[in-house]
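*Asks:* Once you've had a glance at the structure underneath, I'll fire off some questions.
The values are calculated or read from the model by the stated rules, or taken from the named source; none is laboratory data. Keep in mind it's a predicted model, so treat the numbers as computed, not measured. A quick note on method: Cβ atoms are made from the backbone with ideal geometry, for glycine too, and the neighbour counts reach across all protein chains shown.
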Amino acid sequence: MAVLDILRYPDPRLHRVAKPVREVDERIRRLVRDMAETMYAAPGIGLAATQVDVHERVIVLDVSDARDELRVFINPEIVRTSDETKVFEEGCLSVPGIYDEVERPDRVVVRALDENGKPFELEADGLLAVCVQHEIDHLDGRVFVQYLSRLKQSRIRSRLLKAERVDA
Ligand code: K1U
Ligand code: ZN
(Lines give C-alpha, C1' and ligand atoms only; values in the text may rest on other atoms or scores of the structure.)
(Ligands and ions follow the chains in the order given, each with its own letter.)
Protein backbone atom coordinates (compact mmCIF):
# COMPACT_ATOMS: atom_id res chain seq x y z
CA MET A 1 0.00 0.00 0.00
CA ALA A 2 1.09 3.60 -0.48
CA VAL A 3 0.26 7.07 0.72
CA LEU A 4 -0.34 9.12 -2.44
CA ASP A 5 0.27 12.85 -3.01
CA ILE A 6 -2.88 14.98 -2.81
CA LEU A 7 -3.32 17.76 -5.40
CA ARG A 8 -3.82 21.23 -3.95
CA TYR A 9 -6.20 23.93 -5.12
CA PRO A 10 -5.82 25.82 -7.47
CA ASP A 11 -4.17 22.95 -9.39
CA PRO A 12 -6.07 22.77 -12.74
CA ARG A 13 -6.03 18.95 -12.60
CA LEU A 14 -8.68 19.20 -9.83
CA HIS A 15 -11.13 20.39 -12.52
CA ARG A 16 -10.83 17.37 -14.82
CA VAL A 17 -14.01 15.27 -15.12
CA ALA A 18 -13.26 11.66 -14.12
CA LYS A 19 -14.14 8.78 -16.47
CA PRO A 20 -16.29 5.80 -15.45
CA VAL A 21 -14.42 2.66 -14.35
CA ARG A 22 -14.90 0.02 -17.07
CA GLU A 23 -13.90 -3.01 -15.00
CA VAL A 24 -13.45 -3.38 -11.23
CA ASP A 25 -10.20 -5.35 -11.36
CA GLU A 26 -7.05 -5.73 -9.26
CA ARG A 27 -5.73 -2.35 -10.51
CA ILE A 28 -8.85 -0.60 -9.16
CA ARG A 29 -8.69 -2.57 -5.88
CA ARG A 30 -5.05 -1.46 -5.44
CA LEU A 31 -6.11 2.16 -6.11
CA VAL A 32 -8.87 1.79 -3.47
CA ARG A 33 -6.35 0.46 -0.90
CA ASP A 34 -3.91 3.29 -1.63
CA MET A 35 -6.68 5.90 -1.47
CA ALA A 36 -7.90 4.51 1.88
CA GLU A 37 -4.36 4.62 3.28
CA THR A 38 -3.97 8.20 2.00
CA MET A 39 -7.32 9.29 3.50
CA TYR A 40 -6.55 7.76 6.94
CA ALA A 41 -3.01 9.21 6.94
CA ALA A 42 -4.13 12.76 6.03
CA PRO A 43 -6.39 12.41 8.12
CA GLY A 44 -9.65 12.88 6.27
CA ILE A 45 -13.16 11.46 6.15
CA GLY A 46 -13.25 11.10 2.37
CA LEU A 47 -11.10 11.13 -0.75
CA ALA A 48 -11.85 11.13 -4.48
CA ALA A 49 -9.46 9.63 -7.07
CA THR A 50 -9.26 13.06 -8.75
CA GLN A 51 -7.45 14.37 -5.66
CA VAL A 52 -4.62 11.87 -6.20
CA ASP A 53 -4.47 12.71 -9.93
CA VAL A 54 -6.30 9.56 -11.06
CA HIS A 55 -9.24 10.62 -13.24
CA GLU A 56 -11.51 7.61 -12.76
CA ARG A 57 -14.76 7.53 -10.78
CA VAL A 58 -13.66 6.09 -7.43
CA ILE A 59 -14.24 7.48 -3.93
CA VAL A 60 -13.54 6.26 -0.40
CA LEU A 61 -15.20 7.51 2.80
CA ASP A 62 -15.10 6.82 6.50
CA VAL A 63 -17.24 9.10 8.66
CA SER A 64 -17.21 6.77 11.71
CA ASP A 65 -15.76 7.96 15.05
CA ALA A 66 -13.67 4.79 15.36
CA ARG A 67 -12.37 5.17 11.77
CA ASP A 68 -13.18 1.52 11.06
CA GLU A 69 -16.07 1.79 8.55
CA LEU A 70 -14.46 2.23 5.16
CA ARG A 71 -16.98 2.73 2.35
CA VAL A 72 -16.00 2.38 -1.30
CA PHE A 73 -18.02 3.83 -4.19
CA ILE A 74 -17.10 3.07 -7.79
CA ASN A 75 -19.02 4.93 -10.53
CA PRO A 76 -21.26 6.59 -7.89
CA GLU A 77 -24.44 8.31 -9.05
CA ILE A 78 -26.89 10.34 -7.00
CA VAL A 79 -30.29 8.97 -7.98
CA ARG A 80 -32.46 10.93 -5.51
CA THR A 81 -32.07 14.11 -3.44
CA SER A 82 -34.30 15.61 -0.75
CA ASP A 83 -35.89 19.01 -1.31
CA GLU A 84 -34.79 19.90 2.20
CA THR A 85 -31.28 21.34 2.35
CA LYS A 86 -28.72 21.79 5.14
CA VAL A 87 -25.76 24.10 5.58
CA PHE A 88 -22.55 22.43 6.76
CA GLU A 89 -19.06 23.79 7.32
CA GLU A 90 -16.92 21.83 4.86
CA GLY A 91 -13.20 21.28 4.61
CA CYS A 92 -11.11 19.65 1.90
CA LEU A 93 -7.73 17.92 1.87
CA SER A 94 -7.02 19.73 -1.42
CA VAL A 95 -7.75 23.12 0.18
CA PRO A 96 -5.84 22.84 3.47
CA GLY A 97 -6.76 25.19 6.30
CA ILE A 98 -9.95 26.51 4.64
CA TYR A 99 -13.40 25.73 6.05
CA ASP A 100 -16.64 27.35 4.92
CA GLU A 101 -20.36 26.81 4.78
CA VAL A 102 -21.97 25.02 1.83
CA GLU A 103 -25.68 24.32 1.36
CA ARG A 104 -26.60 20.91 -0.09
CA PRO A 105 -29.56 18.50 -0.13
CA ASP A 106 -29.97 17.02 3.36
CA ARG A 107 -30.52 13.43 2.15
CA VAL A 108 -29.42 11.58 -0.98
CA VAL A 109 -29.70 8.10 -2.45
CA VAL A 110 -26.46 6.95 -4.10
CA ARG A 111 -26.06 4.04 -6.50
CA ALA A 112 -22.54 2.62 -7.02
CA LEU A 113 -20.43 -0.51 -7.35
CA ASP A 114 -18.42 -1.87 -4.43
CA GLU A 115 -14.77 -3.04 -4.64
CA ASN A 116 -15.97 -6.39 -6.00
CA GLY A 117 -17.99 -4.77 -8.76
CA LYS A 118 -21.30 -5.51 -6.99
CA PRO A 119 -24.02 -2.83 -7.38
CA PHE A 120 -25.54 -1.31 -4.22
CA GLU A 121 -27.75 1.60 -3.21
CA LEU A 122 -27.28 3.69 -0.09
CA GLU A 123 -29.59 6.23 1.51
CA ALA A 124 -27.42 8.81 3.25
CA ASP A 125 -28.11 11.71 5.60
CA GLY A 126 -26.06 13.89 7.95
CA LEU A 127 -22.27 13.91 7.52
CA LEU A 128 -22.34 10.88 5.19
CA ALA A 129 -24.65 12.75 2.78
CA VAL A 130 -22.46 15.88 2.89
CA CYS A 131 -19.29 13.89 2.34
CA VAL A 132 -20.57 11.72 -0.53
CA GLN A 133 -21.84 14.83 -2.40
CA HIS A 134 -18.51 16.63 -1.78
CA GLU A 135 -16.56 13.63 -3.18
CA ILE A 136 -18.82 13.17 -6.24
CA ASP A 137 -18.28 16.88 -6.93
CA HIS A 138 -14.52 16.14 -7.05
CA LEU A 139 -15.15 13.45 -9.70
CA ASP A 140 -17.05 16.08 -11.70
CA GLY A 141 -14.11 18.50 -11.40
CA ARG A 142 -15.77 20.72 -8.77
CA VAL A 143 -14.06 21.87 -5.57
CA PHE A 144 -16.24 23.10 -2.66
CA VAL A 145 -14.76 26.64 -2.84
CA GLN A 146 -16.63 27.04 -6.16
CA TYR A 147 -19.85 27.36 -4.09
CA LEU A 148 -18.38 30.42 -2.34
CA SER A 149 -18.36 34.05 -3.55
CA ARG A 150 -15.86 35.11 -6.22
CA LEU A 151 -14.15 37.30 -3.64
CA LYS A 152 -13.67 34.36 -1.24
CA GLN A 153 -12.45 32.13 -4.09
CA SER A 154 -9.89 34.71 -5.10
CA ARG A 155 -8.65 35.16 -1.50
CA ILE A 156 -8.36 31.37 -1.04
CA ARG A 157 -6.48 31.04 -4.34
CA SER A 158 -3.98 33.76 -3.33
CA ARG A 159 -3.52 32.33 0.15
CA LEU A 160 -2.79 28.82 -1.14
CA LEU A 161 -0.48 30.03 -3.93
CA LYS A 162 1.47 32.00 -1.33
CA ALA A 163 1.68 28.94 0.98
CA GLU A 164 2.92 26.88 -1.99
CA ARG A 165 5.77 29.37 -2.58
CA VAL A 166 6.76 29.28 1.11
CA ASP A 167 6.71 25.44 1.14
CA ALA A 168 8.76 25.14 -2.08
O1 K1U B 1 -12.56 15.51 -0.06
C2 K1U B 1 -11.79 15.75 0.83
O3 K1U B 1 -10.85 16.51 0.65
C4 K1U B 1 -11.95 15.14 2.20
C5 K1U B 1 -12.71 16.04 3.15
C6 K1U B 1 -14.14 15.55 3.21
C7 K1U B 1 -15.17 16.47 3.80
C8 K1U B 1 -15.03 17.01 5.05
C9 K1U B 1 -16.01 17.85 5.56
C10 K1U B 1 -17.13 18.11 4.83
C11 K1U B 1 -17.26 17.57 3.57
C12 K1U B 1 -16.28 16.74 3.05
C13 K1U B 1 -12.04 15.94 4.52
O14 K1U B 1 -11.91 14.89 5.06
S15 K1U B 1 -11.46 17.39 5.25
C16 K1U B 1 -10.86 16.83 6.84
C17 K1U B 1 -11.94 16.58 7.83
O18 K1U B 1 -13.04 17.09 7.69
C19 K1U B 1 -11.72 15.69 9.00
C20 K1U B 1 -10.51 15.08 9.22
C21 K1U B 1 -10.34 14.23 10.32
C22 K1U B 1 -11.35 14.01 11.19
C23 K1U B 1 -12.57 14.63 10.99
C24 K1U B 1 -12.75 15.47 9.90
ZN1 ZN C 1 -12.44 17.70 -0.99
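*Asks:* Filter the range 123-144 down to residues that are touching a Pro at 6+ places or on another chain (Cβ under 9 Å) and either outside any helix (DSSP H, G or I) or farther than 18 Å from ILE45 by Cα (or both), then give me how many there are.
*Replies:* Selection size over the range 123-144: 1.
*Asks:* If you don't mind, another one. Can you list the strands (runs of 3 or more DSSP E) found entirely within the range 20-100 that contain at least 2 residues being under 18 Å from GLU115 (Cα atoms)?
*Replies:* Result: 46-48, 58-61, 71-81.
*Asks:* What's the number of the only condition in (1) farther than 28 Å from ILE156 by Cβ; (2) surrounded by fewer than 21 Cβ atoms within 10 Å (Cβ to Cβ) that ALA42 fails to meet?
*Replies:* Unmet condition: (1).
*Asks:* Test GLY91 against the criterion of being loosely packed, with under 14 Cβ neighbours inside 10 Å and within 16 Å of ligand 2 (Cβ to nearest atom), and give yes or no.
*Replies:* For GLY91, the condition - loosely packed, with under 14 Cβ neighbours inside 10 Å and within 16 Å of ligand 2 (Cβ to nearest atom) - is not met.
*Asks:* A follow-up question, please. For the range 7-23, which residues satisfy the criterion of being more than 14 Å from ligand 2 (Cβ to nearest atom) and touching a helix residue (DSSP H, G or I) at 6+ places or on another chain (Cβ under 9 Å)?
*Replies:* Once the filter is applied, which keeps residues that are more than 14 Å from ligand 2 (Cβ to nearest atom) and touching a helix residue (DSSP H, G or I) at 6+ places or on another chain (Cβ under 9 Å), the range 7-23 yields ARG16, VAL17, VAL21.
Listed here are the residues, each with its yes/no results for (1) surrounded by 15 or more Cβ atoms within 10 Å (Cβ to Cβ); (2) on the phi > 0 side of the Ramachandran plot; (3) within 13 Å of ligand 2 (Cβ to nearest atom); (4) without any contact (Cβ under 8 Å) to a residue 12 or more places away in the chain.
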site	(1), (2), (3), (4)
GLN51	yes, no, yes, no
VAL72	yes, no, no, no
GLU77	no, no, no, no
THR81	yes, no, no, no
ASP106	yes, no, no, no
ASP114	no, no, no, no
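*Asks:* Okay, next question. When only residues in the range 19-28 that are surrounded by fewer than 15 Cβ atoms within 10 Å (Cβ to Cβ) and in contact (Cβ under 8 Å) with a residue 24 or more places away in the chain count, which is farthest from TYR99 (Cα to Cα)?
*Replies:* Selected residue: GLU23.
*Asks:* Show the residue pairs meeting these rules: Cβ distance below 6 Å; 6+ apart or different chains; first residue within the range 1-18 and part of a loop (DSSP other than H, G, I, E, B); second residue loosely packed, with under 15 Cβ neighbours inside 10 Å and of a type in the set (Gly, Ala, Ser).
*Replies:* VAL3/ALA41
*Asks:* For ARG71, indicate whether it is modelled with pLDDT of 95 or more and in contact with a strand residue (DSSP E or B) (Cβ under 6 Å, 6 or more places away or on another chain).
*Replies:* yes
*Asks:* On to the next question. If the requirement is being over 21 Å from VAL72 (Cα atoms) and within 16 Å of ligand 2 (Cβ to nearest atom), which of these qualifies: ARG165, ARG157?
*Replies:* Answer to the selection: ARG157.
*Asks:* May I pose another question? Just to be sure I understand, how many residues within the range 59-70 are surrounded by 12 or more Cβ atoms within 10 Å (Cβ to Cβ) and either more than 15 Å from the chain's Cα centre (by Cα) or away from ligand 2 (no atom under 16 Å from the Cβ) (or both)?
*Replies:* Here the count works out to 3.
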